[in-house]
Amino acid sequence: MSHWWRAEDTSIDHPKLLKLSDAMFRAWYTLNCVASANDGVLPSTEDVAVRLRMKPAKVAEWITKLVAAGLYDNDNGVFRPHNWGKRQYKTDKSDPTNAERQQRYRDRHRNERNTVTHNGSNGVTVKRPEAEQITDTEQSRADAAPPPIDEDLKKRAFALATSLAVLFKARDWAVPPGDRSVHWLQQGYAQGTVFRSVENVLKRGKPISSWEYFDGAIRDEHAKPTSVPVGAASDKVVDLSAINWDSAVKLWKMSSSIWPRGVGGEPGTYSCKCPANVIADNLIDPATGRHVSAPLVFVPQGTEEMAAWCQDSQVKGRKPPTVFEFEEDGIVKAGSFMPSLVPAGYDPTRQCFSDQSENAA
């Protein structure tokens, strides 16, 4: 006999679920259905595999990843969804009248919501019923409300939205209506992660009409591990923190040098894992891999200076600045390396370009 298992509507904002790939999210949902049919715990891996018509090794891989993500608990070899007992109502099974009571509650709630009262001065208003207190065990709320939008977040979101709009305009495509930059930043996604994800999707050559379309790509990019596999058929990974990047870049600058294998692409390529600040310190443009004659200036993401560079790129029909993330002195930074703090012709006091510069462009 089938029955319901409960999930909160706010689970779409839960950090643990947001970090899952689309495939692992489906795995989590599927295993929850199996656990619900087995009194809140998973049967043996072999039994789950038979039920899902899968190989036991794949089921074991799912369970291992979900335990690591904190979505499943390992109780001496018995696996159960995290906080399953708190989120599910035992009365749903033990009380034969529960289904009928729930239907009466839904009918009553719908009728109250649709009730209309007439007000002589304000016209027709909808009567909103107060929330009914449910007497069964209350479901715990693990998801916190979204953080308030502070001024720093607004600036970073504005700069990110400007950069993303340039990606569309450079292709002569219409920019999707609305804005989702604040939402993505509130979920903990770095600006560089969002930018790369949107850019990669647009490279497919298909115009997008909604910002929500990029949610999956951004979530997958955010969940990527920082280690780089050594060879396609190897299970070993390279500890990138142990690499002397400065020496690697200096050797690479020599005409006879070859970029080390197994640590990502060389400077200027998308797969490069070397910190951008190390590349820039060696007078190399991290975005292109080309040598520069003068030191580059770091322009932080979310600043008015970065917005000026994005505007300058849009006016001149160029690609927006490439955003890098790196750690320096224990602080994670995000931004671009540019020839100067602001583009030529930009007036920081007026926060705009001079008339002469605009006419020349």
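Ranking of L202, L52 by solvent-accessible surface, largest first: L52, L202 (1.4 Å probe, protein heavy atoms only, all chains present).
Across the cross-link table entries K273/K333; K169/K319; K58/K203; K155/K333, which are compared at the Cα atoms, the separations over 21 Å belong to K58/K203.
Ligands, DNA and RNA are left out, and with a 1.4 angstrom probe the accessible area of the stretch 281-348 is 53 Å² per residue. Per-residue accessible area (protein heavy atoms, 1.4 Å probe) orders E199, E304 as E304, E199, starting from the largest.
To the nearest 10, the accessible area of L17 is 10 Å² with a 1.4 Å probe. How much net charge surrounds G268 when only the other residues with a Cβ under 14 Å from the Cβ of G268 are counted, with Lys and Arg +1 and Asp and Glu -1? Taking every Cβ under 14 Å from that of G268, the sum is +2. Per-residue extension of 0.36 nm, minus the Cα-Cα distance of K155 and E325, leaves a gain of 59.4 nm for this segment. In terms of accessible area, using a 1.4 Å probe and ignoring ligands and nucleic acids, C274, C33 rank largest first as C33, C274. Counting Lys and Arg as +1 and Asp and Glu as -1 over every other residue whose Cβ lies under 13 Å from the Cβ of A248, the net charge comes to +1.
The values are calculated or read from the model by the stated rules, or taken from the named source; none is laboratory data. Everything quoted here is computed from the prediction, not taken from an experiment. With ideal geometry, Cβ positions are generated from the backbone for all residues, glycine too; neighbour counts draw on all protein chains shown. Side chains included, ligands, DNA and RNA excluded: accessible areas come from the protein's heavy atoms. Shrake-Rupley method; radii C 1.70, N 1.55, O 1.52, S 1.80 Å.
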